[in-house]
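A.B. asks: Questions regarding the structure given below will be posed in turn.
We did not get these values from a lab; they are worked out from the coordinates using the rules stated. Every value quoted in this text rests on a predicted model; they were computed, and no experiment measured them. For neighbour counting, all protein chains shown are included, and Cβ atoms are generated from backbone atoms with ideal geometry for every residue, glycine included.
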Amino acid sequence: MSSNDIPASESAGASPAGPGEAPQFVLPLVAHIEKTAPPARTDALRTAARAVLTILSDERSLGEGEWAQPMRDWQDTRIRKVVRRARGAEWRKASALPGITVTGDSAEVRVFPPVPLDGWPKELARLQVSGTDLDDPESPAAPDPAGPVLWLNPGLDMSAGKAMAQAGHGAQLAWWELSDTERKAWRETGFPLAVAPADPARWRELTVSGLPVVRDAGFTEIAPGSCTVVADHPALRR
């Protein structure tokens, strides 16, 4: 699994915070991955994206809610996300911390309020970031073109964790672009969305379509500035 980040104000990486600058925060996501029954890769990506949307829209993240200040601090700098994996007792300990567990068809992802980059709770800090990848046992169904789709760059080879974080970025950029009414409608239906690699020709069209594009900071796995995800929500199509 992997971590990455993009600035809140733009879609490319920047240097770490220096003296006098705002501290860096990170949004932790933990995927429940048992050795004997790992989730399907596409469902894990989809569930991670829905987890990000869920915490963004949660009442505790808004106004004077208990998570509102760290959520603001996180979104004011880089919207960094780190995906870790847990099984057995590790998952149970992680699940006892304040957060939200989102389930998919086979995946479970727990998202936590942002923490300082160097201030992880010990129950999460000891979890593994790497060493596990995921596959789709069957070919995923084609996305519904009438619904939200997070299109993946077909030319990039990303680990499951990297792709989960990127899908979360894409969902968040779409969320930022929507009106309050559009956000409410998406939330009330449970944040339906699809995640799929785009056809190469379609990918080229998507990246210049005006839809939100995630460009990775390049700290892990791929080159800086790589376009990883295009967030295609019906309300954002022109």
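A.B. asks: All other residues with a Cβ under 13 Å from the Cβ of ALA141 taken together, and with Lys, Arg as +1 and Asp, Glu as -1, what is their net charge? Please list the in-between numbers first.
C.D. replies: Working: positive: ARG46; negative: ASP43, ASP105, ASP136, GLU138, ASP144.
Overall, the nearby charge balance is -4.
A.B. asks: Would you calculate the separation in nanometres between label points at ALA125 and ILE100, each defined as 7 Å from the Cα along the Cα-to-beta-carbon direction?
C.D. replies: Using points 7 Å along Cα→Cβ, the separation is 2.7 nm.
A.B. asks: Suppose every K and R has +1 on its Cβ and every D and E has -1 on its Cβ; what is the size of the dipole of the chain about the Cα centre, in Debye to the nearest 20?
C.D. replies: 320 debye
A.B. asks: At a Förster distance of 35 Å, what's the computed FRET efficiency of ALA68 paired with GLU34, Cβ-Cβ distance as r, to 0.05? Intermediate values should be presented prior to the final figure.
C.D. replies: Working: r = 34 Å, r/R0 = 0.97.
Once the sixth-power term is evaluated, E becomes 0.55.
A.B. asks: Short version: what are the Cα gyration tensor semi-axes of segment 73-135, square root of 5 times each eigenvalue, largest first, in whole Å?
C.D. replies: Details: eigenvalues 80, 40, 34 Å².
That gives 20, 14, 13 Å for the three semi-axes.
A.B. asks: Straight-line reach from LYS81: which aspartates and glutamates have Cα under 12 Å away, leaving out those fewer than 8 places along the same chain?
C.D. replies: ASP5, ASP216
A.B. asks: Whole number please: convex hull volume per residue of the Cα set in segment 20-140, in Å³? Kindly include the intermediate steps, with their values, before the conclusion.
C.D. replies: On the way: hull volume 13.3 nm³, N = 121.
Each residue corresponds to 110 Å³ of Cα convex hull volume.
A.B. asks: Here's a follow-up. Grab every C-alpha pair in segment 83-174, bin the distances at 10 angstrom width from 0 up to the longest one, and report whole percents.
C.D. replies: Bin by bin from 0 Å, the calculated values are 12, 42, 33, 12, 0.
A.B. asks: Now for a different question. Mean-square fluctuation check for the chain, GNM, Cα pairs under 10 Å: which of ARG84, ARG46, ARG183 is largest?
C.D. replies: Highest fluctuation among the options: ARG183.
A.B. asks: Once the cut-off is 28 Å, how many percent of the Cα-Cα pairs in the chain end up in the long-distance tail? Walk me through the numbers before you get to the answer.
C.D. replies: On the way: 7028 of 28203 pairs.
So the pairs more than 28 Å apart make up 25 percent of the total in the chain.
A.B. asks: Relative contact order of the chain, please, whole-number percent, based on alpha carbon pairs below 8 angstrom and at least 6 residues apart.
C.D. replies: Values: 491 pairs, mean separation 71.8, N = 238.
About 30 percent, as a whole number.
A.B. asks: Of the cross-linked pairs LYS93/LYS184; LYS35/LYS122; LYS93/LYS162, which ones have a Cα-Cα span greater than 26 Å in the structure shown?
C.D. replies: On the way: LYS93/LYS184 32 Å; LYS35/LYS122 23 Å; LYS93/LYS162 23 Å.
Among LYS93/LYS184; LYS35/LYS122; LYS93/LYS162, the Cα-Cα distance tops 26 Å for LYS93/LYS184.
A.B. asks: Between rounded, prolate and oblate, where does segment 100-227 land on the alpha carbon gyration tensor, with a ≥ b ≥ c its root eigenvalues, rounded for a/c under 1.5, else prolate if a/b exceeds b/c? Each step should come with its number before you reach the end.
C.D. replies: Numbers: a/c = 1.43, a/b = 1.21, b/c = 1.18.
Note, shape of segment 100-227 comes out rounded.
A.B. asks: Shifting gears a bit: For the chain, set up a GNM with springs between Cα atoms under 10 Å and report which of ALA146, ALA51, ALA174 has the largest fluctuation.
C.D. replies: Taking springs between Cα atoms under 10 Å, the residue moving most is ALA146.
A.B. asks: Which far-off residues, 5 or more places away or on another chain, put their amide H under 5 Å from the one on ARG78, with H placed in the peptide plane?
C.D. replies: The answer is ALA8, PHE25.
A.B. asks: If you build a Gaussian network model of the chain, linking Cα atoms that sit under 10 Å apart, which residue out of SER226, SER179, SER57 swings the most?
C.D. replies: It is SER179.
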